[in-house]
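Trainee: Dropping the structure in here first, questions after.
The values are calculated or read from the model by the stated rules, or taken from the named source; none is laboratory data. What you see is a predicted model, and the numbers here were worked out from it, not measured in a lab. Heads up, the Cβs are rebuilt from the backbone with ideal geometry, glycines too, and the neighbour counts pull from every protein chain shown.
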Amino acid sequence: MTDAALAAAGIQTVLTSLAGQPAWSDLPVVLLCQSGPQTPAVSGLLKAFSNVTLLDRPTSARTLVSTVQAALRGRLRQYQTRDQLEALRIAEENLRNADRSKDEFLAMLAHELRNPLSPIRNAGELLSRMLPENSQAQTIAAIIKRQSTHLSRMVDDLLDVARITQGRIELQQEPVNLTSVISQALESVEPLMRDHHHRVFVAVGYSPVYVQGDHARLVQCLANILTNAGKYTDPGGEIRLEMRIDGGEVAVAITDNGVGIPAELLPRIFDLFVQSNRSLDRSQGGLGIGLSVVRRLIEMHHGRVNAASDGPGRGSRFELVLPLIAPPTQMSEQQAERSGLARRILIVDDNVDSADSLAMILNHSGHRAEPVYGGAAALERAAASDPEFVLLDIGLPGIDGYEVARQLKGRGSKARLIALTGYGQPEDVRRAREAGFDGHLVKPVDLQRLLRDLGAVD
């Protein structure tokens with residue numbers, strides 16, 4: 001354009017269009033104007049837009065053509081940027097869709113894996129309870145229980161990665177006695193340490209030490225580190241757990257004299273799916289996700305986790321650091337399980353093996369449990385037997401667990417409804433609550449927790 005156009009009636013429309021360009025666009029403007037002092041209109045244009053080339057009039061055709069060609073080349077590069085940005089937008093959208101599909105797949109996979117896991121674990125528990133203590137078959141029962149627990153932990157780790165990455169995990173925070181967390185974590189890994197004949201040394205004071213956190217998640221983190229130490233330390237090796245207070249923080253350190261960590265791996269040890277090539281036969285197992293889950297969970301507790309090693313064959317040291325809190329003024333200690341209190345329990349699950357084996361365990365524990373295998377049968381049997389507890393699967397054919405719960409509540413049932421399901425994400429828990437459930441347990445069920453829950457409610 002020429003400087004004369006700046007005085008034309010339609011110039012404001014041009015200027016408005018130039019001001020409304022998308023982020024990728026910087027439209028080149030070639031302005032031919034009289035030589036000499038700049039007019040206010042030209043000065044305003046130069047201030048408003050960065051991509052303006054001034055040519056004095058008169059100018060040679062060669063200069064004008066060369067300037068326009070340079071402007072066109074610049075504009076073509078902007079179009080390329082636009083196309084690249086659009087391609088990135090589409091790629092990001094595809095990645096988000098793929099990520100959603102992955103999370104949905106993992107949730108469905110966990111549900112499908114938990115269905116067969118539940119009766120397998122229940123069968124192992126029944127065998128250990130019913131067989132003589134000195135029976136050789138107790139070894140088989142212990143293997144079943146141990147391996148089903150291991151598989152269940154891997155399924156949980158997969159789901160935790162998806163939930164943490166999407167910011168969908170919720171911590172049930174409260175004042176937590178860290179010595180209790182340590183005790184429970186040590187108890188959970190005791191079979192692994194015993195099988196490998198490890199020497200475990202624990203240096204923890206007797207006084208309670210409190211942090212603000214989710215008790216179950218902290219146990220998970222500590223047990224994960226201890227499990228790694230057990231797996232990557234040779235039989236007969238040494239593992240030490242120490243707790244120390246440093247200012248306003250408490251640190252729990254786990255040290256082993258195992259295979260160690262190569263220097264090149266150490267900076268990435270907490271990254272997702274990172275694993276050392278520690279054995280060709282992969283006897284230690286694992287998916288390379290446990291440490292990533294630990295780091296993210298500890299960070300959600302406003303803490304940090306560190307790893308150190310002097311190299312292969314020289315052991316490793318992991319340290320979990322959390323902020324201390326003052327001891328709570330009142331701590332209500334609820335009795336975990338009340339002996340001699342038999343409950344009337346209705347178990348509803350279309351997986352016959354799962355329902356039957358769980359009923360056998362509960363009956364063996366002194367309760368009166370009865371299994372049924374569908375929603376209609378559950379409604380009929382609940383009306384006849386008036387159970388105190390209904391352990392209700394969600395994914396029932398026909399009438400699903402949510403509808404069964406709503407109908408039971410609508411009929412005035414006083415039974416406590418506990419969802420027993422392979423779906424354990426926060427939205428699943430919320431939906432169960434909205435449908436009238438009083439509790440939510442994920443398959444394969446934690447039997448000790450279930451027995452405690454059954455005994456702790458009047």
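Trainee: Picking from LEU417, LEU392, LEU408, LEU441, which residue would you name as being modelled with pLDDT of 90 or more and closer than 27 Å to ARG153 by Cβ?
Mentor: On inspection, the qualifying residue turns out to be LEU392.
Trainee: Six or more apart or on different chains, Cβ under 8 Å: which pairs go from a residue in the stretch 199-226 that's over 9 Å from VAL181 (Cβ atoms) and outside the structural domain of GLY248 (by TED's automatic domain parsing) to one that's crowded, with 22+ Cβ neighbours inside 10 Å and among the hydroxyl-bearing types (Ser, Thr, Tyr)? Could you list them?
Mentor: Pairs found: none.
Trainee: Can you say whether ASP246 is touching a helix residue (DSSP H, G or I) at 6+ places or on another chain (Cβ under 8 Å) and acidic (Asp, Glu), as far as the supplied structure shows?
Mentor: So ASP246 does not fit the description; no.
Trainee: Looking for something among the small types (Gly, Ala, Ser), part of a loop (DSSP other than H, G, I, E, B) and in contact (Cβ under 8 Å) with a residue 24 or more places away in the chain - is there at least one such residue anywhere in the stretch 30-46?
Mentor: The answer is no, given that none of the residues of the stretch 30-46 is among the small types (Gly, Ala, Ser), part of a loop (DSSP other than H, G, I, E, B) and in contact (Cβ under 8 Å) with a residue 24 or more places away in the chain.
Trainee: Next up: Please give the number of the condition LEU151 fails out of (1) outside any helix (DSSP H, G or I); (2) farther than 22 Å from ILE298 by Cβ; (3) within 26 Å of the chain's Cα centre (by Cα).
Mentor: (1)
Trainee: Related question: Between a residue in the stretch 126-143 that is free of Cβ contacts under 8 Å to residues at least 12 places away in the same chain and over 19 Å from VAL445 (Cβ atoms) and any residue that is polar (S, T, N, Q) and assigned to a helix (DSSP H, G or I), which pairs come within a Cβ distance under 8 Å, given they are 6 or more apart or on different chains?
Mentor: Listed by first residue and then by second, the contacts come to LEU131/GLN138; PRO132/GLN138; GLN138/SER128.
Trainee: Now for a different question. Quick one: which strands (runs of 3 or more DSSP E) lie wholly within the stretch 155-266 and hold at least 2 residues that are more than 23 Å from the chain's Cα centre (by Cα)?
Mentor: In the stretch 155-266, the matching strands (runs of 3 or more DSSP E) lie at 199-203, 238-246, 249-256.
Trainee: Taking helices (runs of 4 or more DSSP H) that fall entirely within the stretch 339-448, which contain at least 1 residues that are β-branched (Val, Ile, Thr) and closer than 19 Å to LEU126 by Cβ?
Mentor: 352-364
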